Amino acid sequence: MREIEASYISEKVKELCMEANYDLPEDVLLAFQEAKEAEESPLGVSILEQLQRNAEIARNERVPICQDTGFGVVFVELGEDVKISGGSLKEAVTEGVRQGYGEGYLRKSICHPFTRKNTGDNTPPIIHIDLVQGEELKIIVAPKGGGSENMSRVTMLKPSDGIEGIIDFVVNRVKESGGNPCPPIIVGVGIGGTFEYAALLAKKALLRHVGSSNADPELAGLEKDILNKINDLGIGPMGLGGRTTALAVHIEMYPCHIASLPLAVNINCHASRHKEISL
Amino acid sequence: MAKPINISTPLSDQDVENLKIGDEVLINGVIYTGRDAAHKRLVDLINEGKELPFDISGQIIYFVGPTPPKPGQVIGSAGPTTSYRMDAYSPYLIARGLKGMIGKGARSQEVVEAMKKYKCVYFAAIGGAGALLAKSIKKAEVIAYEDLGPEAVRRLEVESFPAIVAQDVYGNNLYVEGMKKYAR
């Protein structure tokens, strides 16, 4: 059994919240560069250039990439041989989010659904915990903005809708979203499982390296096909026209019930933020 | 691309009539911030026949909820939020003389009709470029609804704030035209 102090977990979550919001990962920056070289719209190129400059300012000055510093979405892989001492895991993560958003000058964006009163410290976070073998604790902090989250959907297709139905739904979702989710976007697709599990798969798909392919060749082909169809929509950077609407489509799949074909589309803006650490 | 057009607030009918979709502008002068919660309060005041906390005639409202400033900063990161959530409120403010709005994403037909009728223009700023856009904001003070935190109404002084005319007073829409041009 390995012991990890709750306060140490809080400290690391705090750092991850800040780093995720200041420092856009290299895979996203590389995707900007490739998109800029391929973009046909002069305005689209200018927008992509400004996104590159913005990321540089945020990284150098340690300020948020975007003012929407997001919901604190935290994935935890907890080794079965790890014991948390001095507090609970959920409290430790919550405290880390509270400190990160406070000390990091990040925006507090969480409120009561009816009164809209702000909780004031960006808590509670959304915490997904997976039990895994071993004595490691892995934490991924993936702040999620509201604009792109609002454009996401879950649907329960009929088995007869098949792959064509999946393609149509995903492409139409992106089309209807237009400029709202801050294109160029990253599209997370969850296929199968249950109603809630499809959504979780779609969210997890957003954690993948931008532009990486699913290990299953059939899904990798589907990712490419949907990406091409999305970019043929012409929505472009910020929805003002162009060839770069999505930087990547990532699909994750799981077996489903014989009666169902669950499908979730989780859209992420170009500020695809996530930082992780293994303790 | 053509050189950006410099504009200064307050804007006249003629100023906004001169702007066409696709024009890149640099905005100078005072602009006001407001997003969901502030818009609701402003429109509630109008419906109750009360005065607004600032004179919106000729002004621009920027849909933004900035991050808190770090020590030494005027404002934190300050990029646009999605505009369709303000569609229910904007026509009331446009009828009161609002001349410009800055946000991201397309507006509803009701907003477009008000923009045509009362002469108001809609600018898109680059969503997610909050660190860069904050550089154009030289002064910021909360003038109303401090309790709303990031959603409070702020008076900003901006210099060369970059934006693109996305929907103009003639009913043209760059979200539609741009997409048509690059679709295959």
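Within the stretch A:230-279, the residues that satisfy the criterion of being among the β-branched types (Val, Ile, Thr) and within 14 Å of chain B (Cβ to nearest Cβ) are A:Ile230, A:Ile235, A:Thr244, A:Thr245, A:Ile267. Within this structure, A:Val154 fails the test of being open to solvent by 10 Å² or more (accessible area, probe 1.4 Å), within 25 Å of A:Met238 (Cα to Cα), out of contact with any strand residue (DSSP E or B) (no Cβ under 8 Å at 6 or more places or on another chain) and among the hydrophobic types (A, V, I, L, M, F, W, C).
Quick one: is A:Ser10 of a type in the set (Gly, Ala, Ser), away from every other protein chain (no Cβ under 14 Å) and assigned to a helix (DSSP H, G or I)? Considered against the rule, which asks whether it is of a type in the set (Gly, Ala, Ser), away from every other protein chain (no Cβ under 14 Å) and assigned to a helix (DSSP H, G or I), A:Ser10 comes out as yes.
Okay, residues lined up against (1) within 12 Å of chain A (Cβ to nearest Cβ); (2) not aromatic (Phe, Trp, Tyr):
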| site | (1), (2) |
| --- | --- |
| B:Asp44 | no, yes |
| B:Leu52 | no, yes |
| B:Ser57 | no, yes |
| B:Ala78 | yes, yes |
| B:Gly105 | yes, yes |
| B:Lys116 | no, yes |
| B:Phe123 | yes, no |
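Across the stretch A:198-252, the qualifying residues are those that are among the basic types (Lys, Arg) and farther than 16 Å from A:Arg273 by Cα, and the one among them that is most open to solvent (accessible area, probe 1.4 Å) is A:Lys224.
Residue by residue, here is whether (1) within 12 Å of chain A (Cβ to nearest Cβ); (2) exposed (fewer than 15 other Cβ atoms within 10 Å of the Cβ) holds:
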residue: B:Val142; (1), (2): no, yes
residue: B:Glu159; (1), (2): no, yes
residue: B:Val165; (1), (2): yes, no
residue: B:Val169; (1), (2): no, no
residue: B:Gly178; (1), (2): yes, no
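If you check B:Ile102, B:Ile56, B:Ile94 for being in a strand (DSSP E or B) and open to solvent by less than 50 Å² (accessible area, probe 1.4 Å), only one passes: B:Ile102. Say we look at the stretch A:135-145 and pick out the residues that are open to solvent by less than 30 Å² (accessible area, probe 1.4 Å) and not in a strand (DSSP E or B); which of these is farthest from the other protein chains (Cβ to nearest Cβ)? Going through the qualifying residues, I end up with A:Ala142. You will find that of A:Gly44, A:Gly79, the residue that is more than 22 Å from the chain's Cα centre (by Cα), under 18 Å from A:Pro237 (Cβ atoms), more than 7 Å from chain B (Cβ to nearest Cβ) and open to solvent by less than 70 Å² (accessible area, probe 1.4 Å) is A:Gly44 and no other.
Screening B:Pro68 against (1) buried (at least 22 other Cβ atoms within 10 Å of the Cβ); (2) not in a helix (DSSP H, G or I) leaves a single unmet condition, (1). The number of residues in the stretch A:182-197 being more than 14 Å from every other protein chain (Cβ to nearest Cβ) and open to solvent by less than 50 Å² (accessible area, probe 1.4 Å) comes to 7.
Of the residues screened, A:Glu56 is one that is under 22 Å from the mean Cα position of the chain (by Cα) and of a type in the set (D, E, K, R).
Take the residues in the stretch A:165-181 that are in contact with a Leu (Cβ under 7 Å, 6 or more places away or on another chain) and more than 14 Å from chain B (Cβ to nearest Cβ); name whichever of them is nearest to B:Gly128 (Cα to Cα). The qualifying residue nearest to B:Gly128 (Cα to Cα) is A:Phe169.
To keep it simple, each residue is scored yes or no on (1) among the charged types (D, E, K, R); (2) in the same structural domain as A:Val93 (by TED's automatic domain parsing); (3) under 20 Å from B:Glu24 (Cβ atoms).
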{"position": "A:Ala6", "(1), (2), (3)": "no, yes, no"}
{"position": "A:Ile9", "(1), (2), (3)": "no, yes, no"}
{"position": "A:Glu15", "(1), (2), (3)": "yes, yes, no"}
{"position": "A:Leu29", "(1), (2), (3)": "no, no, no"}
{"position": "A:Gln33", "(1), (2), (3)": "no, no, no"}
{"position": "A:Ala38", "(1), (2), (3)": "no, no, no"}
{"position": "A:Pro42", "(1), (2), (3)": "no, no, yes"}
{"position": "A:Val45", "(1), (2), (3)": "no, no, yes"}
{"position": "A:Gln50", "(1), (2), (3)": "no, no, yes"}
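In the stretch A:51-60, which residues are open to solvent by 10 Å² or more (accessible area, probe 1.4 Å) and more than 7 Å from chain B (Cβ to nearest Cβ)?
A:Gln52, A:Glu56, A:Arg59, A:Asn60
Let's see how each residue does on (1) without any contact (Cβ under 8 Å) to a residue 24 or more places away in the chain; (2) more than 17 Å from the chain's Cα centre (by Cα); (3) in a helix (DSSP H, G or I); (4) over 15 Å from A:Glu223 (Cα atoms):
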| position | (1), (2), (3), (4) |
| --- | --- |
| A:Glu164 | yes, yes, yes, no |
| A:Val171 | no, yes, yes, no |
| A:Lys175 | no, yes, yes, yes |
| A:Cys182 | no, no, no, yes |
| A:Gly188 | no, no, no, no |
| A:Gly192 | no, yes, no, yes |
| A:Ala198 | no, no, yes, yes |
| A:Leu201 | no, no, yes, no |
| A:Arg208 | no, no, no, no |
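Could you check the stretch A:2-27 and list, in sequence order, the residues that are of a type in the set (S, T, N, Q) and within 25 Å of B:Ser77 (Cβ to Cβ)?
Of everything in the stretch A:2-27, those that are of a type in the set (S, T, N, Q) and within 25 Å of B:Ser77 (Cβ to Cβ) turn out to be A:Ser10, A:Asn21.
Does B:Thr82 fit the bill of being β-branched (Val, Ile, Thr), closer than 30 Å to A:Tyr22 by Cβ, open to solvent by less than 10 Å² (accessible area, probe 1.4 Å) and without any contact (Cβ under 8 Å) to a residue 60 or more places away in the chain? The answer is yes for B:Thr82.
Taken as a whole, the condition of being within 11 Å of chain A (Cβ to nearest Cβ), over 15 Å from the mean Cα position of the chain (by Cα) and assigned to a helix (DSSP H, G or I) does not apply to B:Leu133.
The values are calculated or read from the model by the stated rules, or taken from the named source; none is laboratory data. The model shown is predicted, which means the values in this text are computed figures rather than measured ones. Glycine gets a Cβ as well: all are built from the backbone with ideal geometry, and neighbour counts include every protein chain shown. Ligands, DNA and RNA are excluded from the accessible area calculation, which covers all protein heavy atoms including side chains. Shrake-Rupley method; radii C 1.70, N 1.55, O 1.52, S 1.80 Å.
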